[in-house]
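To start, the structure itself, in C-alpha cells.
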Amino acid sequence: MRKSQGEGIFLTIGHLIILLCALCAVIPIILICISSFTDNDTLIRNGYAFFPEKWSTYAYRYIFNSGNSVVHAYGISFLLTIVGTALSLAVTTSLAYVISKKDLPGKGILVFLVFFTLLFNGGLVPSYMVYTRIFHVKNTFWGLLFPNLLMNGFNVLLMKSYFVTNVPNEILEAACIDGSGECRTFFQIAVPLAKPIIATIGIFSGIAYWNDWMNGYIYLTKRTDLYSIQNLLNRMIQNIQYISQNATVLANANAGLASIPAVSVRMAMAVLGVLPVIVIYPFIQNNFVKGITLGGIKG
Amino acid sequence: MRFRKYLPLYIIALPGLAYLFINNYMPLPGIVLAFKKYNAVRGIFGSAWAGFSNFKYLFSTQDAFIITRNTILYNCAFIVIGTVCSLTIAIILSELNIGIKKFYQSAILLPYLISSVIVSYLVFSFLSTENGFLNNTILKALNVQPVSWYTEKKYWPFILIFVNTWKNSGYTCIIYLATIIGFDRAYYEAAEIDGASKWQQITKITLPMLRPTIIMLILLAVGRIFYSDFGLFYQVPQNSGALYSVTNTIDTYVYRGLLELGDITMSAAAGVYQSVVGFILVFSANMIIRKIDRESALF
C-alpha cells in the first residue's frame, strides 16, 4: 500500500520527538563521560562542556595509580552485589515456590504475610531501631546487605505467579510419585523450570544492590572502609556542598577543598559508578523489560 | 501424617519467612514510639506514654502542612506529566520498525537504571554555579546572568519534575508499549482500508483501547501518593537547606528528624502518619481497581 503524504509527515515528526527524548536520556551521561576525560584546569575555567579544549586521562590514572579508596569501594560494591543477589535469589525462590503450592496447609496465611508487607510498613524509624538496637548491624557489612534489600514481597509474588502458571503441577507431582522428595523436586525440577523468572528477579535485585546508597548512608556512620562506590560518591558531594555553603565561616575552607579530589576525578568516579550497569545493560535488557511488563500487568 | 509430608516445604520457606519477620514485622510494634515520650535509657517500651501529643505538636507546625503539600503536589505533577510523556513515547515507538524501536527504547529506559547518587552528579554537572553546563555555556550564550541554582527555590519544582520524568518515563513507557503490541492488528488494517489517518488511528483506536491500562497505572500511582522517592528529593537538591520549603517531603522529613536533628518522636509521628494514610490510599485505590477490573487488582 502506498503511504500517504500525511502519514510520512506524521512519522517524521514522531521520529524527531523520539530522537529528542532518546538524546535527552543519554546526554547527561555523555556529559559526565566527557568531563571525566577533560583536563581539570580546563574544566574549572570553562565549566563542563561537550567539546573541551584540552583532553586528559589524568583522572583515571589518578584513581588507578594512587591505590586510594575508590578501588576499595568498588570492590565492596561488587562483593555486596554478588553476595546480595545470590542470597536474595535463594530466599525469594524458596519462599515463592512454597507459597505457589496449591494444597499446602496454611498457604493462605503465608501469602497474606507476604502481601501485607506491600500494603503497610512501619517506616524508617522503627526499622532503624530494630536493626541498630536488636541486631547491631550498625557499622558492619550486614548493614549494607540485610535491611530492606534482601527480599521484597513484590518479587516473591511475581515469582509465585510464575510458578503457578508456568511450572505445571503435573510435572512436580510426577516427580513425587517417582519417589523424589520435596527438596529434590524443588532443586532439580522446579528451579530449572523457573530459570527465566529467576534471571529477571536476579537482575532487579542486582541493580538494587549496586545502586543502593541508603543502607550505607544510614548504617555506616564510622566504618568508611565499608563504603560502597555509591556511598563514597555521596560523601564526596556532601563534603563539597558543606564546604561551599560554609566557606565564609570556615577559615580552613581552602584546606578542606584541597583534600577533595579534583573535579575531573569526581566525574571519573561517577562514570565508574554507572559503568557496570551500562556494560551489562545490553545483555540484561530483554529480561529486564520482560520483568517490567510482568510486574506492570500484575500491578 | 499430612503435616510430615509438608514439613520439608515449610523448612524451605523458613529463611524467607524469617526475613519477613525480621525486616517487616519486628519493626511494627515500634510504631508505638509515636505515642511515647522517648527516653533513650528506658527504650521504646519503657518510655512514658504521651498520647497524641506528638501528633498535636507535629500538626501545629508549618512542617506538617509543607511536607504533605509537597508530597501530594509533586506526585500529582509526576502522575500527569509522566503519563503524558510515557504514553506519547510508547505510541510513537509502536509505529516504528523493530530494529530502531529497540535502540530508542534502550536509550529511554537507561536513566531508570541509574542510582540517585549518580543522578545528583549528572544534575550537578548541569546546574553547578561555578562550572555547570547551564551557567557556563547556555546562559552565557544567551547573555543571561549565571543563576545560583542550589539556592533559588523557584526553579526546583520544575527541575524535580523534569528529573523524575527523565528517570521514570522509560519504565511506564514499556508497560504501555507491551499493551499496544498486544492489540489485534486487524483493527488498524480495517481502519486503514477505510482511509483513517495515523492520527485518527491513534485517537480512535489506540487511546481508547489503552484506557484500562492508563486508569490502572494512574490508580496505582494515586495509591502511592503519600510516598516519595527519597533519593530524588534528598540527593538531587543535595540536601540544600535553602531549598527545604520546596524539596521537603514526608520521607525526607522522617529521615532528617531521625538522623540529622535527633528528633525521634517527631520523626516517628510523621512516619506513622504516612503509613496510616498511605495504607488507606493503597487500600481504596485497590478497591476501585477491583470494581473496574477484578483481574488487575492486587487483592
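The values are calculated or read from the model by the stated rules, or taken from the named source; none is laboratory data. Since the structure is predicted, the reported quantities are computational estimates derived from the model, not experimental observations. Don't worry about glycine lacking a Cβ; one is built from the backbone with ideal geometry, like all the others, and counts go over all protein chains shown.
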Entirely in region A:206-299, the helices (runs of 4 or more DSSP H) that have 1 or more residues that are modelled with pLDDT of 90 or more: A:214-219, A:229-245, A:263-297
Listing of helices (runs of 4 or more DSSP H) fully contained in region B:1-72 that carry 3 or more residues being away from chain A (no Cβ under 12 Å): B:53-60
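Table: residues versus (1) closer than 30 Å to B:Ile225 by Cβ; (2) within 7 Å of another protein chain (Cβ to nearest Cβ); (3) among the acidic types (Asp, Glu).
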| residue | (1), (2), (3) |
| --- | --- |
| A:Ile82 | no, no, no |
| A:Leu87 | no, no, no |
| A:Ser94 | no, yes, no |
| A:Gly123 | yes, yes, no |
| A:Lys138 | no, no, no |
Options A:Asp178, A:Asp212, A:Asp225; residue that is acidic (Asp, Glu), more than 18 Å from the chain's Cα centre (by Cα) and closer than 22 Å to B:Ser115 by Cβ: A:Asp225
All but one of (1) part of a loop (DSSP other than H, G, I, E, B); (2) within 22 Å of A:Arg266 (Cβ to Cβ); (3) not charged (D, E, K, R) hold for B:Val119; state the number of the condition that does not hold. (1)
B:Leu210 - would you say it is in contact (Cβ under 8 Å) with a residue 60 or more places away in the chain, out of contact with any Cys (no Cβ under 9 Å at 6 or more places or on another chain), surrounded by fewer than 21 Cβ atoms within 10 Å (Cβ to Cβ) and within 10 Å of another protein chain (Cβ to nearest Cβ)? no
Breaking point among (1) touching a residue at least 24 places away in the same chain (Cβ under 8 Å); (2) within 10 Å of chain B (Cβ to nearest Cβ); (3) not aliphatic (A, V, I, L, M), for A:Ser69: (2)
Here is a list: A:Phe154, A:Phe146. Which entry is within 11 Å of chain B (Cβ to nearest Cβ), of a type outside the set (A, V, I, L, M) and buried (at least 20 other Cβ atoms within 10 Å of the Cβ)? A:Phe146
Lone qualifier among B:Ser115, B:Ser128, B:Ser86 - being within 7 Å of chain A (Cβ to nearest Cβ) and either closer than 22 Å to A:Asn287 by Cα or not acidic (Asp, Glu) (or both): B:Ser115
Quick test for you: out of B:Ala190, B:Ala221, pick the one residue that is more than 10 Å from chain A (Cβ to nearest Cβ), farther than 30 Å from A:Tyr217 by Cα and of a type in the set (Gly, Ala, Ser). B:Ala190
I'd like the residue in region B:253-282 that is over 15 Å from B:Leu58 (Cβ atoms) and more than 7 Å from chain A (Cβ to nearest Cβ) and, out of all such residues, is surrounded by the most Cβ atoms within 10 Å (Cβ to Cβ). B:Gly278
Working only within region A:33-66, note down all residues that are away from chain B (no Cβ under 14 Å) and basic (Lys, Arg). A:Lys54, A:Arg61
